[in-house]
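Structure first, then comments.
The values are calculated or read from the model by the stated rules, or taken from the named source; none is laboratory data. As the structure is a prediction and not an experimental result, all values here were calculated from the model. Note that each Cβ is placed from the backbone with ideal geometry, even for glycine, and that neighbours are counted across all protein chains shown.
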Amino acid sequence: MNQNKENHTFETPAEKQNRHKAMEAIKLLNTLREDFKSPIQSMEYFYKLFEEVHCHQKSLHDDKTKIGTMCIQIPSEIIYALDGVPIRLCNGFYTDDEIGSDLMPQKACPLVKATVGHFASGNFSDKPDIVFSPTTCDQKTKVGATIESFGYKIFDVDFPRTKESEASREYWRRSVKQFAVELSKFQGKKLNRSNLESAIKKIGYAQSLYHKLSNFRKLESVPILGIDVFLVTNAFFFDKIDNWIDAMENLLKELDLRVKEKINAANKISPRIVYTGSPPIFPNYKIPQLIEESDAIIVADETCSSNRMFNDMVAVDEWNLYDMLDSIADKYLKACTCPVFTKNNDRIRRIINLVKQYKADGVVYQAFAGCTVYELEQRSVLEAMEKEGIPILYLESDYSPSQGGQLSTRVEAFIESLKTRRRNKK
Amino acid sequence: MRYFAGIDIGSTSIKITIIDENKNIIGFKTSASGSMFYKYAQETLDALLQELSIDKNNLVYIVATGYGRKLYKEADENISEITANALGARAAAKEYGEIKTIINIGGQDSKAISLDNEGNVVNFAMNDRCAAGTGKFLDVVALKLEIGVDELGEYHFKSTGTPLSVSSTCAVFAESEIIGLLGNNHSVEDIVCGVHYSIAKRIVKLVKRVGVKEGIYFDGGPAMNGGLVSAIENELGHAIFIPQYPQITTSYGAAIMGVDSYKYEQNL
């Protein structure tokens, strides 16, 4: 009992960080496994994947070069074509947010702080060999240099802030080519017609599976919770793509059966929600969890951790190398609905379309405190929704585990009001 | 021979320590505070004197401390538990080294105390509002898990999975969280471990408020729980010293104050 022994040890900072992250991860995974009715068997692949990576620090890509990306605007097609593995480093851990808070302004975005904290700790299960950082939002643009100062190899990819003009399109096409040149040099491998074509097709196939999954969410009885879908799409950040595709095919098969058995992941009265705003990234599913624990169901989302990653596919006219590169560039610019752009009516249109296609009852718009662009765009989105007669709830949150009470009251009241609207319509 | 008593009347238990003029511990006794602090304190003191065969007349100075100290009218002096804790900790750890930081978890409160090189209290922080993450909380947890409070440490070290965090350290809310975890067949060991880490995180925040200085001493009943000690060390990233009898540090400090005050009054 007496602690005064010479050899007495305690956790190193890395061990402590791992334990904290494991505790965050297991808490959410246990909720997903246990707290909702009729769990989906094939989701276990994803639960297990996150558990192994975040509770047991399992490396997935020992044999490959790991290409870190700071944002979805770095084309994965080119990374796969050059035989690398893209690992998206956007981070949802409060543990890492706390580490990053010491290095960044207090009011900075928790996602960026968590990402910086993760780099500062250097504690990765799959450590990136090089990091590509697109100049999208201010905070991500600026922290490239911070991360570089920790000793990582960083390469900035110039991203334009307007998307209407032909000039910005040209500018971005040049950036994408430059990115391909840099990565090609790093990998010592040439980009060619066949490796790029097969990479585009592989990602295209993964996207088509996401679209099939989305179709299930248009049904009157939705067989899968939104929070499970977020987990599935988050896994695409880092999983082995072939394993992800297999797991997704299994999931789709099971969902097919569930539809035949008329299994509803929620209840008949449960309001259908379109989720938009700052991305929910594992394990920060605070708001989606609150929504679905309050008897609503997320049927679609407009976020960069999920829908925006899969929605639009690379459309190629001619399968020539340069045509493919241009098509990739266009997909990442023209289809992007990120609020970093000057004008962003595309995003409003996308949300309205999602509400109509998925017969949603309302929208939840969540911004991280400190995520300036989403905070700013809240006003125009709220106005547009009001015009359309679509109920919308705007929430601000961060990664701290302790604000559940106030948020849940607002979410519950919003969902109750949607239920009342439903009953009155009948 | 002259004797001195320190009586620490806490929310949960009464701790009495008797020392001699040289500040050596002669004996100590603890009992539950119950509903009548004064009566139980008196009974405990009488019993202790009898055990030690000390004549009441030789007990020359009594210092009361703790939350119920003002109810013990017979005391020659009463001092706050912060001062008493600081005095007791420095004396108890004399052989270990200089104590700069004290963590105390009591029955219904917890505190962090920062000392300067002379042992003066320079800063302290206490939990506010409620008994979250205190000894009472551990009682409630043990009761729910149907194990003894003294078994918590053992269960902690048997945990093999990821500690299951209990997000609420409010005893009332945590109880329902624990019921939920048990309902889903999670191991008692992992729950205990998670509970200890929840308390540890809370206490470490308190310590950071006063500043972490090497020479860290942990006392109060919960310091006898090895699992909690290990959790706090891990969260803090520093080794901490646990005295042989963690629950009596504050009463020991009060008794030491008794010696000093007596000598001052008697011009010795």
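Given (1) over 23 Å from the mean Cα position of the chain (by Cα); (2) surrounded by fewer than 18 Cβ atoms within 10 Å (Cβ to Cβ), identify the lone condition not met by B:GLU151.
Single failed check for B:GLU151: (1).
Going through region A:110-151 one residue at a time, which ones are of a type in the set (Phe, Trp, Tyr), surrounded by fewer than 17 Cβ atoms within 10 Å (Cβ to Cβ) and in contact with a strand residue (DSSP E or B) (Cβ under 9 Å, 6 or more places away or on another chain)? Write out each step before concluding.
Just the residues of region A:110-151 that are of a type in the set (Phe, Trp, Tyr), to begin with: A:119, A:124, A:132, A:150.
If we keep only those that are surrounded by fewer than 17 Cβ atoms within 10 Å (Cβ to Cβ) as well, we get A:124, A:150.
Within region A:110-151, just A:PHE124 meets the criteria.
How about region B:172-219: which of its residues are small (Gly, Ala, Ser) and either at negative phi or touching a Pro at 6+ places or on another chain (Cβ under 8 Å) (or both)? Walk me through how you get there before you give the answer.
We begin by selecting, within region B:172-219, every residue small (Gly, Ala, Ser); these are B:174, B:176, B:180, B:183, B:187, B:194, B:198, B:200, B:211, B:215.
Within region B:172-219, B:ALA174, B:SER176, B:GLY180, B:GLY183, B:SER187, B:GLY194, B:SER198, B:ALA200 qualify.
Return the residues of region A:100-122 that are under 24 Å from A:PHE230 (Cβ atoms) and either out of contact with any Cys (no Cβ under 7 Å at 6 or more places or on another chain) or charged (D, E, K, R) (or both); say none if nothing qualifies.
Here is the first cut: in region A:100-122, the residues under 24 Å from A:PHE230 (Cβ atoms) are A:100, A:108-119.
Selection gives A:GLY100, A:ALA108, A:PRO110, A:VAL112, A:LYS113, A:ALA114, A:VAL116, A:GLY117, A:HIS118, A:PHE119.
I want to confirm something. Restricting to region B:158-171 and keeping residues that are under 22 Å from the mean Cα position of the chain (by Cα) and either part of a helix (DSSP H, G or I) or not hydrophobic (A, V, I, L, M, F, W, C) (or both), which single residue is farthest from the other protein chains (Cβ to nearest Cβ)?
Just the residues of region B:158-171 that are under 22 Å from the mean Cα position of the chain (by Cα), to begin with: B:169-171.
Adding the requirement that they be either part of a helix (DSSP H, G or I) or not hydrophobic (A, V, I, L, M, F, W, C) (or both) leaves B:169, B:171.
Details: B:THR169: 10, B:ALA171: 17 Å.
Within region B:158-171, the match that is farthest from the other protein chains (Cβ to nearest Cβ) is B:ALA171.
Of everything in region A:25-76, what is among the polar types (S, T, N, Q), closer than 14 Å to B:THR162 by Cα and assigned to a helix (DSSP H, G or I)? Give them in sequence order. First the steps, then the outcome.
Our first condition is that a residue be among the polar types (S, T, N, Q); within region A:25-76, this holds for A:30-31, A:38, A:41-42, A:57, A:59, A:65, A:69, A:73, A:76.
Going one step further and asking which of them are closer than 14 Å to B:THR162 by Cα, we end up with A:30, A:57.
Matches in region A:25-76: A:ASN30 only.
Search region B:255-266 for residues that are under 11 Å from B:ALA64 (Cα atoms) and pair each with any residue that is assigned to a helix (DSSP H, G or I) when their beta-carbon atoms are under 8 Å apart and the residues are at least 6 apart or on different chains.
If the second residue must be assigned to a helix (DSSP H, G or I), the pairs left are B:MET257/B:THR83; B:MET257/B:ALA84; B:MET257/B:LEU87.
From (1) hydrophobic (A, V, I, L, M, F, W, C); (2) surrounded by fewer than 22 Cβ atoms within 10 Å (Cβ to Cβ); (3) in contact (Cβ under 8 Å) with a residue 12 or more places away in the chain, pick out the condition that doesn't hold for B:ALA142.
(3)
Kindly evaluate B:GLY227 against the criterion of being touching a residue at least 60 places away in the same chain (Cβ under 8 Å), touching a Leu at 6+ places or on another chain (Cβ under 7 Å) and not charged (D, E, K, R).
On the way: touching a residue at least 60 places away in the same chain (Cβ under 8 Å): yes; touching a Leu at 6+ places or on another chain (Cβ under 7 Å): yes; not charged (D, E, K, R): yes.
So B:GLY227 passes the test.
Can you tell me how many residues within region B:181-194 are within 11 Å of another protein chain (Cβ to nearest Cβ), assigned to a helix (DSSP H, G or I) and more than 14 Å from B:LEU152 (Cβ to Cβ)? Please lay out each step first, then the result.
We begin by selecting, within region B:181-194, every residue within 11 Å of another protein chain (Cβ to nearest Cβ); these are B:181, B:183-186, B:190, B:193-194.
Adding the requirement that they be assigned to a helix (DSSP H, G or I) leaves B:181, B:183, B:190, B:193-194.
Applying the additional criterion that residues be more than 14 Å from B:LEU152 (Cβ to Cβ) yields B:181, B:183.
Count: 2.
Hey, can you tell me all the residues within region A:26-46 that are out of contact with any Ser or Thr (no Cβ under 6 Å at 6 or more places or on another chain) and either of a type in the set (D, E, K, R) or within 13 Å of another protein chain (Cβ to nearest Cβ) (or both)?
So the first thing to find is which residues in region A:26-46 are out of contact with any Ser or Thr (no Cβ under 6 Å at 6 or more places or on another chain), and the list is A:28-46.
Scanning region A:26-46 gives A:LEU28, A:LEU29, A:ASN30, A:THR31, A:LEU32, A:ARG33, A:GLU34, A:ASP35, A:PHE36, A:LYS37, A:PRO39, A:GLU44.
Given the criterion more than 14 Å from chain A (Cβ to nearest Cβ), among the small types (Gly, Ala, Ser) and at positive phi, identify the matching residue among B:GLY148, B:GLY135, B:GLY119.
Values: B:GLY148 fails: at positive phi; B:GLY135 fails: at positive phi.
B:GLY119 is the lone residue from the list that is more than 14 Å from chain A (Cβ to nearest Cβ), among the small types (Gly, Ala, Ser) and at positive phi.
Mind checking whether some residue in region A:82-100 is free of Cβ contacts under 8 Å to residues at least 24 places away in the same chain, outside any loop (DSSP other than H, G, I, E, B) and surrounded by fewer than 23 Cβ atoms within 10 Å (Cβ to Cβ)?
Of all residues in region A:82-100, those free of Cβ contacts under 8 Å to residues at least 24 places away in the same chain come to A:86, A:98, A:100.
With outside any loop (DSSP other than H, G, I, E, B) added as a condition, the list becomes A:86, A:98, A:100.
Next cut, surrounded by fewer than 23 Cβ atoms within 10 Å (Cβ to Cβ) only: A:98.
Within region A:82-100 (the criterion being free of Cβ contacts under 8 Å to residues at least 24 places away in the same chain, outside any loop (DSSP other than H, G, I, E, B) and surrounded by fewer than 23 Cβ atoms within 10 Å (Cβ to Cβ)), the answer is yes, since at least one residue qualifies.
Mind counting the residues in region B:180-207 that are charged (D, E, K, R), at pLDDT 95 or above and either touching a His at 6+ places or on another chain (Cβ under 9 Å) or surrounded by fewer than 19 Cβ atoms within 10 Å (Cβ to Cβ) (or both)? Break it down into steps so the answer makes sense when it comes.
Step one: filter region B:180-207 for residues charged (D, E, K, R), giving B:189-190, B:201-202, B:205.
With at pLDDT 95 or above added as a condition, the list becomes B:189-190.
When the remaining residues are screened for being either touching a His at 6+ places or on another chain (Cβ under 9 Å) or surrounded by fewer than 19 Cβ atoms within 10 Å (Cβ to Cβ) (or both), the result is B:189.
Qualifying residue count for the region: 1.
Could you check region A:267-307 and list, in sequence order, the residues that are hydrophobic (A, V, I, L, M, F, W, C) and either more than 13 Å from A:VAL229 (Cβ to Cβ) or at pLDDT below 95 (or both)?
Kept after step one, since they are hydrophobic (A, V, I, L, M, F, W, C), are these residues of region A:267-307: A:269, A:273-274, A:281-282, A:287, A:290-291, A:296-300, A:304.
Once the filter is applied, which keeps residues that are hydrophobic (A, V, I, L, M, F, W, C) and either more than 13 Å from A:VAL229 (Cβ to Cβ) or at pLDDT below 95 (or both), region A:267-307 yields A:ILE269, A:ILE281, A:ILE287, A:LEU290, A:ALA296, A:CYS304.
Restricting the search to region B:234-257, which residues are facing chain A (nearest Cβ under 9 Å) and in a loop (DSSP other than H, G, I, E, B)?
Correct list: B:GLY237, B:HIS238, B:ALA239, B:ILE240, B:ILE242, B:PRO243, B:GLN244.
Quick one: would you say A:MET23 is more than 12 Å from chain B (Cβ to nearest Cβ) and surrounded by 18 or more Cβ atoms within 10 Å (Cβ to Cβ)? Give the steps one after another, and end with the answer.
Details: more than 12 Å from chain B (Cβ to nearest Cβ): no; surrounded by 18 or more Cβ atoms within 10 Å (Cβ to Cβ): yes.
No.
Quick grid of which residues meet (1) within 16 Å of B:LYS111 (Cα to Cα); (2) more than 14 Å from chain A (Cβ to nearest Cβ); (3) in a loop (DSSP other than H, G, I, E, B):
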residue: B:PHE173; (1), (2), (3): no, no, no
residue: B:ILE179; (1), (2), (3): no, no, no
residue: B:HIS196; (1), (2), (3): no, no, no
residue: B:LYS205; (1), (2), (3): yes, no, no
residue: B:ARG209; (1), (2), (3): yes, yes, no
residue: B:GLU214; (1), (2), (3): no, no, yes
residue: B:ILE232; (1), (2), (3): yes, no, no
residue: B:VAL259; (1), (2), (3): no, yes, no
residue: B:ASN267; (1), (2), (3): no, yes, yes
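Yes or no: region A:179-199 includes at least one residue that is within 25 Å of the chain's Cα centre (by Cα) and either basic (Lys, Arg) or within 30 Å of A:ILE287 (Cα to Cα) (or both).
No, the conditions are met nowhere in region A:179-199.
To keep it simple, each residue is scored yes or no on (1) closer than 28 Å to B:SER33 by Cβ; (2) touching a strand residue (DSSP E or B) at 6+ places or on another chain (Cβ under 7 Å); (3) of a type outside the set (Val, Ile, Thr).
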position	(1), (2), (3)
B:HIS186	no, no, yes
B:VAL195	yes, no, no
B:LYS208	no, no, yes
B:TYR217	yes, yes, yes
B:GLY220	yes, yes, yes
